[in-house]
1. List every residue pair whose Cβ atoms sit under 9 Å apart, with the two residues 6 or more apart in sequence or on different chains, where the first one lies in segment 5-27 and is in a helix (DSSP H, G or I) and the second, anywhere, is among the acidic types (D, E) and surrounded by fewer than 17 Cβ atoms within 10 Å (Cβ to Cβ).
2. Taking the stated definitions as given, is E114 among the charged types (D, E, K, R) and within 16 Å of ligand 2 (Cβ to nearest atom)?
3. Taking the condition in contact with a Gly (Cβ under 6 Å, 6 or more places away or on another chain) and within 16 Å of ligand 2 (Cβ to nearest atom), does G93 pass?
4. I need the full set of residues from segment 27-47 which are touching a helix residue (DSSP H, G or I) at 6+ places or on another chain (Cβ under 6 Å) and more than 10 Å from ligand 1 (Cβ to nearest atom), in order please.
5. Could you figure out which of (1) surrounded by 21 or more Cβ atoms within 10 Å (Cβ to Cβ); (2) in a helix (DSSP H, G or I); (3) not charged (D, E, K, R) isn't true of V34?
6. So, in segment 80-107, how many residues would count as being in contact (Cβ under 8 Å) with a residue 40 or more places away in the chain, part of a loop (DSSP other than H, G, I, E, B) and surrounded by fewer than 19 Cβ atoms within 10 Å (Cβ to Cβ)?
7. For segment 67-76, indicate whether the set of residues that are outside any helix (DSSP H, G or I) and touching a Lys or Arg at 6+ places or on another chain (Cβ under 9 Å) is non-empty.
8. Here is a check on your reading of the model: is L111 away from ligand 1 (no atom under 16 Å from the Cβ), touching a strand residue (DSSP E or B) at 6+ places or on another chain (Cβ under 9 Å), modelled with pLDDT of 95 or more and not assigned by TED's automatic domain parsing to the domain that holds H36?
Amino acid sequence: MIIQFELNGRLIKADTDPGTTLLEYLRGVELYSVKHGCDHGECGACTVLMNSKSVNACLILMHAVGGKKIETLESFSTHEQLHEIQESFLQAGAVQCGFCTPGMLLSVEALDRENGEVTEAKVKDALNGNLCRCTGYVKPVEAALKVLKKNQEVSK
Ligand code: FES
Ligand code: FES
């Protein structure tokens, strides 16, 4: 079955089984920032953006992807420099083994796109589905708050 959708800014016509998960598809086309963790929607390692909302790619079947706009962390690398959220995580020391990091970055990006009031509670809620076995969350929350508050000031 041909499924047409946008992937990191490019129109894709994927010839795939509609029952394939988005996670399987993305790793099959070498988008390895999308991690294969629990496979059950519990760890957030497979987080991607679907129409600017963070979703678990392991829970999305390809038949539901038609007409959607999918973004993975690879889309950040079109910038010449690190993306500002990546830079903030780096500066805060919020990355250890890095397995959870792509998912966390995309969850923060999704929150940034909501353009709402930034609070620590909202950041914690946004990162709630991204399990990290290394950092204890203090640094990722600090990094996310810093970049989101800066963007909030700029947009005022
Ligand atoms: S691999 Fe998808 S949530 Fe864990
Ligand atoms: S940095 Fe290792 S799992 Fe989060």
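The values are calculated or read from the model by the stated rules, or taken from the named source; none is laboratory data. Quantities reported herein were computed from a predicted structural model and do not represent experimental measurements. FYI the Cβ positions are ideal-geometry reconstructions off the backbone, even for glycines, and counts take in every protein chain you see.
1. From residues that are in a helix (DSSP H, G or I), the pairs are L23/D39.
2. Numbers: among the charged types (D, E, K, R): yes; within 16 Å of ligand 2 (Cβ to nearest atom): no.
When the stated conditions are applied, E114 does not pass them.
3. On the way: in contact with a Gly (Cβ under 6 Å, 6 or more places away or on another chain): no; within 16 Å of ligand 2 (Cβ to nearest atom): yes.
Here the answer is no, as G93 does not meet what is asked.
4. Filtering segment 27-47 down to residues touching a helix residue (DSSP H, G or I) at 6+ places or on another chain (Cβ under 6 Å) leaves 31, 33-34, 39, 41, 44-47.
Across segment 27-47, the qualifying residues are L31, S33.
5. Status for V34: all satisfied but (2).
6. Of the residues in that region, 2 qualify.
7. Checking segment 67-76: not a single residue is outside any helix (DSSP H, G or I) and touching a Lys or Arg at 6+ places or on another chain (Cβ under 9 Å).
8. Values: away from ligand 1 (no atom under 16 Å from the Cβ): yes; touching a strand residue (DSSP E or B) at 6+ places or on another chain (Cβ under 9 Å): yes; modelled with pLDDT of 95 or more: yes; not assigned by TED's automatic domain parsing to the domain that holds H36: yes.
The answer is yes for L111.
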